Each structure stands twice: as C-alpha cells, then as structure tokens.
1. Quick check: anything in the range 103-117 aliphatic (A, V, I, L, M), without any contact (Cβ under 8 Å) to a residue 40 or more places away in the chain and open to solvent by 80 Å² or more (accessible area, probe 1.4 Å)?
2. Which residue pairs have Cβ atoms under 7 Å apart, sit 6 or more places apart or on different chains, and have a first residue in the range 1-23 that is under 18 Å from residue 92 (Cβ atoms) and polar (S, T, N, Q) and a second that is assigned to a loop (DSSP other than H, G, I, E, B) and open to solvent by less than 50 Å² (accessible area, probe 1.4 Å)?
3. What are the residues in the range 8-38 that are hydroxyl-bearing (Ser, Thr, Tyr) and surrounded by 14 or more Cβ atoms within 10 Å (Cβ to Cβ), if any?
4. So which residues in the range 29-73 are part of a strand (DSSP E or B) and of a type in the set (Gly, Ala, Ser), if there are any at all?
5. Does the range 39-59 contain at least one residue that is under 15 Å from residue 114 (Cα atoms), within 10 Å of the chain's Cα centre (by Cα) and open to solvent by 30 Å² or more (accessible area, probe 1.4 Å)?
6. Can you tell me which condition residue 64 does not meet? The list is (1) open to solvent by 80 Å² or more (accessible area, probe 1.4 Å); (2) closer than 17 Å to residue 6 by Cβ; (3) more than 11 Å from the chain's Cα centre (by Cα); (4) not acidic (Asp, Glu), and all the others hold.
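The values are calculated or read from the model by the stated rules, or taken from the named source; none is laboratory data. In this text the structure is predicted, and so the values were computed from the model without any measurement. Cβ atoms come from the backbone with ideal geometry, glycine included; neighbour counts cover every protein chain shown. Keep in mind that these areas ignore ligands, DNA and RNA; they rest on the heavy atoms of the full protein, side chains included. Shrake-Rupley method; radii C 1.70, N 1.55, O 1.52, S 1.80 Å.
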Amino acid sequence: QVQLVESGGGLVQAGGSLRLSCAASGNIYGINTMGWYRQAPGKQRELVARITSGGITNYADSVKGRFTISRDNTKNTLYLQMNSLKPEDTAVYYCNADIRRAPVEYYGMNYWGKGTLVTVSS
C-alpha cells in the first residue's frame, strides 16, 4: 500500500524557482534514502539529488548550487527547492524512496512516484 505522490511542478521562466514535494504514505516502518530523478523527452532518467535518512546529500553536477534537497521525517515528505532554473531543467521529475515496511526487512523496497512536470521557458 506504499505510495509516493509528487506535487509542485509547473511552468516557470528561466531564472525562476519552484519547490517540489513528495509525500510518502501507506505501510511505512521507516524510510531510508530518498531521491529525485528526472527524465526529459527522448532522454534516459537521471539522478538529480538524493538524501539519506541522516541528511547526507548528493547532487548531480548540473544542479549543484542551484537545487537543494531536504526531507521532513516526521511527515514522510521529501522536498526539492529549485532555484535559478534553466531550460535544460525541463523534465518530468520523479520521487524515489527506499522504504522498510517492517523491522524484519533487512533492506527496504524501492518505490517510485508517477512524476510531476517541470517546464522552464526562456
């Protein structure tokens, strides 16, 4: 019953900002690493940023200094603050999470959201 739902996508001009959210719900014991991925038309899905349960982050070189990933563990929610957006950032952004459903699970199960579209115009 675990599901991830993204929100916050939309149309923005170059140089603008957007804040994406991803809410996890369902049978959740604990959430390990969470991340944002994106897929532009005709291209493969790529990692944008990820964050561990302890707050350790990693970013794609293309977004370093512009995007900030964060999470609220009390709300099971992931965020992506996107600043100084460029047309190259246009893509469907997907939320990903490694989720443990019970303490007997040594490793979590991997889940994906359905995505939210971000369009950056020039």
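1. Yes; the residues of the range 103-117 include at least one that is aliphatic (A, V, I, L, M), without any contact (Cβ under 8 Å) to a residue 40 or more places away in the chain and open to solvent by 80 Å² or more (accessible area, probe 1.4 Å).
2. 21/8
3. Taking the range 8-38 and keeping what is hydroxyl-bearing (Ser, Thr, Tyr), we get 17, 21, 25, 29, 33, 37.
Across the range 8-38, the qualifying residues are 21, 33, 37.
4. The answer is 30, 35, 49, 70.
5. no
6. (2)
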